[in-house]
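The values are calculated or read from the model by the stated rules, or taken from the named source; none is laboratory data. Predicted, not measured: the structure shown is a model, and the values here were computed from it. Methodologically, a virtual Cβ is constructed for each residue, glycine included, from the backbone with ideal geometry; neighbour enumeration extends over all protein chains shown.
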Amino acid sequence: MYFPIGSFRSFSLPIEDFCEIIFIRTTRDRLKLVLLTPTIISVWLTKPSTLVGLVQRSENSIAVHGANVYAEWRNDTQKLAVSTNKGYIIYYKVIIDKPKSSFFGATNDEDPCEYLIRLNTEAQFVFPMVRIKLTQDSALHVGSDIQGLTNLGSDLLVADDKGYLYRISWDGIIHQHLTLCLHTLSYTTSLNSDRDLYAKYIEFSPLLNGIGIIFSDGTSGLIICETSKFEPQ
């Protein structure tokens with residue numbers, strides 16, 4: 001069981017029109033998070049909860065690529081992948097504007113977001129606002145309905161509604177030879193009797209070196225590989 005620790009945090013977008021929050025994903029260090037509505041991508045610091053970047057996609061972008069559904073961070077947090085309901089993955093570069101004042105300046109090796117969080121926690125200073133810019137880098141059409149995506153490090157793992165798990169680079173290249181079909185894998189409890197099953201949610205665990213899956217019928221499973229490559233056997 002899981003028990004909540006500490007007080008809750010609220011996130012409110014500075015937009016007059018009603019917008020439904022559909023997805024939240026933190027970075028691995030939990031210092032930043034991305035919050036999605038169907039048309040908006042916003043980036044927040046977690047301590048304190050501060051909005052530092054926002055992109056409202058254009059009507060043309062929504063018409064061509066579809067509305068936002070899921071998002072995933074690259075390990076270095078310098079890139080963000082957003083999937084849509086039309087089977088696209090849109091890649092964004094994450095650019096951090098460092099504070100100008102040398103008094104609040106971080107070291108060259110320190111993430112400015114991490115620096116500002118540490119500074120505020122330790123000294124309770126009022127610091128200059130850090131700003132994050134999101135610029136679209138590229139877009140990839142997977143060709144099927146994307147059900148989930150998770151970070152494998154050098155690649156993204158993307159699940160679709162046909163039972164496939166695709167390895168896709170952060171440059172938008174599909175590694176076809178690394179594609180996994182859930183229907184051909186061997187399970188301790190056989191799922192092969194239902195060929196229509198696919199992954200509704202996936203999550204990679206570096207500790208287990210495995211992928212947790214929630215299937216379309218509500219059951220769950222764990223795929224474990226001897227290496228981190230997750231290559232088809």
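Name the residues in region 129-145 that are in contact with a helix residue (DSSP H, G or I) (Cβ under 9 Å, 6 or more places away or on another chain) and part of a strand (DSSP E or B), would you? Hits for region 129-145 are Ile132, Gln136, Ala139, His141.
Just one residue in the set Ile132, Ile146 is over 30 Å from Asp217 (Cα atoms), among the aliphatic types (A, V, I, L, M), buried (at least 19 other Cβ atoms within 10 Å of the Cβ) and modelled with pLDDT of 55 or more; that residue is Ile132. When Ser186 is tested against the conditions (1) modelled with pLDDT under 90; (2) among the small types (Gly, Ala, Ser); (3) touching a helix residue (DSSP H, G or I) at 6+ places or on another chain (Cβ under 9 Å), the lone failure is (3).
Filtered by the rule that a residue be at pLDDT 90 or above, outside any loop (DSSP other than H, G, I, E, B) and not basic (Lys, Arg), region 11-52 gives Phe23, Ile24, Thr26, Leu33, Val34, Leu35, Leu36, Ile40, Ile41, Ser42, Val43, Trp44. From the list Asp137, Asp161, the lone residue that is among the acidic types (Asp, Glu) and not assigned by TED's automatic domain parsing to the domain that holds Ala67 is Asp161. Only residues that are modelled with pLDDT of 80 or more, hydrophobic (A, V, I, L, M, F, W, C), over 20 Å from Lys162 (Cβ atoms) and not in a strand (DSSP E or B) were counted across region 189-233, and they come to 2.
Would you confirm whether any residue within region 32-55 is touching a Lys or Arg at 6+ places or on another chain (Cβ under 9 Å), closer than 19 Å to Asp137 by Cα and polar (S, T, N, Q)? Scanning region 32-55 turns up at least one residue that is touching a Lys or Arg at 6+ places or on another chain (Cβ under 9 Å), closer than 19 Å to Asp137 by Cα and polar (S, T, N, Q).
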